[in-house]
1. To the nearest 20 Debye, how big is the dipole of the stretch 50-185 about its Cα centre, given +1 on the beta carbon of each Lys and Arg and -1 on that of each Asp and Glu?
2. So what J values fall out for the stretch 59-71 if you push phi through Karplus, 6.51 cos²θ - 1.76 cosθ + 1.60 with θ = phi - 60°, rounded to Hz, Gly and Pro as x?
3. Label 7 Å along Cα→Cβ of residue 61; the stretch 108-137 residues with amide nitrogen under 20 Å?
4. Please arrange 68, 80 by accessible surface area, largest first, computed with a 1.4 Å probe and ligands excluded.
5. Measuring from label point to label point, each 7 Å out along Cα→Cβ, what is the residue 102 to residue 159 span in nm?
6. Which links in 37/213; 72/128; 72/99 stretch past 27 Å when you go from one Cα to the other?
7. Relative contact order (percent) for the stretch 42-85, with alpha-carbon contacts under 8 angstrom and 6 or more residues of separation?
8. Keeping all protein chains in the complex and leaving out DNA, RNA and ligands, what accessible area do you get for residue 121 with a 1.4 Å probe, in Å² to the nearest 10?
Amino acid sequence: MNRLLAIGGVALVALFAASGARAQAAPDMEILPPPPKEVGFDQHIGEPLPLDAVFKDETGKDVRLGDYFTDKPVVLSFAYDTCPMLCDLSVQGLASSFKGMNLSAGADFTVVTISFDPRDTPERARVKKDMAIARYGRDGAARGWSFLSGDASAIEKVTRAAGFRYTWDTASNQYAHPAGMIVATPQGTIARYLFGIEYASKDLRLSLVEASKGHVGNLVDQLILLCYHYDPKVGKYGPAAVGAMRAAGAFTCLSLGVLVVVLTRRERKGKGAPSDRGKGN
């Protein structure tokens, strides 16, 4: 017993010593500064995007933002081509998130990635697009995902409408900016914001289904939307008790309806059988 107490005492002394060493080392450790107040997303859900803003696509062709808004919901993201880290991670994360859905870019929705650095060029955009499409790896995706560059006025017009706030950081010689994406309706209205680098397939799919007003997805998606609600504070979908009850009620009514139809058909067949036998005699 004494030996065990001695070992325990040594362990406690070592633990306190390590804690003290960490406490002494803490002031010398580099503490990352908080993000600038100018950086973030102001959510403008329900507000229109400036579809008349003019950019150049990755081929150098002049395009209007409205050219990408037809009959499909649009995923809009912002990334500049010389970003040393976050933008590449965001674009590649977006491609990985798309891979997790059975909806496909080009067929079910459109993707537009806009550079917010006016120094970027279509040549740089082409390189970024090739990397993203290779990561996504689906046929036809190149037609459904465009990378745009433009002048400062067009960039400001779209980023302001989207609530995308960023600033140039002279200390690091790069832009400080948030990570996230926007889902817009086919008419160009902002519907949902999702934050982060990669997105849950459920959140991405439900946001596309909602933005398309049911034209994308299936009946199961519509029932799931009854069970989940969008939380703008975190940019995600969470379970909704009232919605779940409504979905359960809808499912029960549907099941009862099917049961009534089946029983009615059986009853009609049962009534028709004796008369058929009588005719035969």
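1. Result for the stretch 50-185 is approximately 200 debye, rounded to the nearest 20.
2. 9, x, 7, 6, 9, 9, 4, x, 5, 9, 10, 10, 10
3. Under 20 Å, as judged by backbone N against the label point of residue 61, lie 108-115, 121-134 of the stretch 108-137.
4. Working: 68 35, 80 10 Å².
Descending accessible area places them as 68, 80.
5. Placing both labels 7 Å beyond Cα along the Cβ direction yields 4.0 nm.
6. Working: 37/213 35 Å; 72/128 23 Å; 72/99 18 Å.
Over 27 Å Cα-Cα: 37/213.
7. Numbers: 24 pairs, mean separation 10.9, N = 44.
This gives 25 percent for the stretch 42-85.
8. Answer for residue 121: close to 50 Å² accessible.
The values are calculated or read from the model by the stated rules, or taken from the named source; none is laboratory data. Quantities reported herein were computed from a predicted structural model and do not represent experimental measurements. Using ideal geometry, Cβ is built from the backbone for each residue, glycine included, and neighbour counts are taken over all protein chains shown. Side chains included, ligands, DNA and RNA excluded: accessible areas come from the protein's heavy atoms. Shrake-Rupley method; radii C 1.70, N 1.55, O 1.52, S 1.80 Å.
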